[in-house]
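I have placed the structure first, in the form of structure tokens, so that the comments after it can refer back to it.
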Amino acid sequence: MTRTTLTLDDDVACRLREEQERRGTSFKDTVNALLRAGLDATSRRDGSRTPFRTAGFALGHSLVGSLDNVAEVLARVEGEDHR
């Protein structure tokens, strides 16, 4: 067992006290359990997550022509006074 001093932000200390009361355990046991859970979650996440991918699909032809020039598209759709 290692004894250490840890300075907690007020919001973290408050949440720890609330969790301690909810669990009915000592502050030390609550901190250790939550640190273990956080460390376990972090180690599981490393490399085990599948990258999120979206499938593309064809939308068909544009009804307003080329979309390369936004100002040109707005002029065609809204008129020359689109600004």
Response to the item:
the chain: spread of alpha-carbon positions along the three principal axes, whole Å, largest first, is 72, 33, 24
Response to the item:
Per-residue ellipticity at 222 nm attributable to helices in the chain (runs of n ≥ 4 DSSP H, -39500 (n - 2.57) apiece, nearest 500 deg cm²/dmol) works out to -16500 deg cm²/dmol
Practice prompt. Summarise the accessible area of the chain (1.4 Å probe, protein heavy atoms) by the percent that is carbon and sulfur.
Written response: 52
Worksheet item: Which residue fluctuates the most in the chain, going by a Gaussian network model with Cα springs under 10 Å, if the choices are Leu63, Leu16, Leu39?
Response: Leu63
Discussion item. What number comes out for accessible area per residue over the chain if the probe is 1.4 Å? Units Å², please.
Written reply: 96
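Hand me the trypsin sites (Lys or Arg not before Pro) from the range 1-65 located in a DSSP loop with no more than 11 other Cβ atoms within 10 Å, in residue order please.
Listed in order of number, the matching sites are Arg3, Arg49, Arg53.
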Item to complete: Can you list which of the GluC sites (Glu not before Pro) found in the chain are DSSP loop residues with at most 10 other C-beta atoms within 10 Å?
Response: Glu80
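The values are calculated or read from the model by the stated rules, or taken from the named source; none is laboratory data. The structure displayed is predicted, hence computed values, not measured ones. All Cβ positions, even for glycine, are placed from backbone atoms using ideal geometry, and neighbour counts span all protein chains on display. Heavy atoms of the whole protein, side chains included, go into the accessibility calculation; ligands, DNA and RNA do not. Shrake-Rupley method; radii C 1.70, N 1.55, O 1.52, S 1.80 Å.
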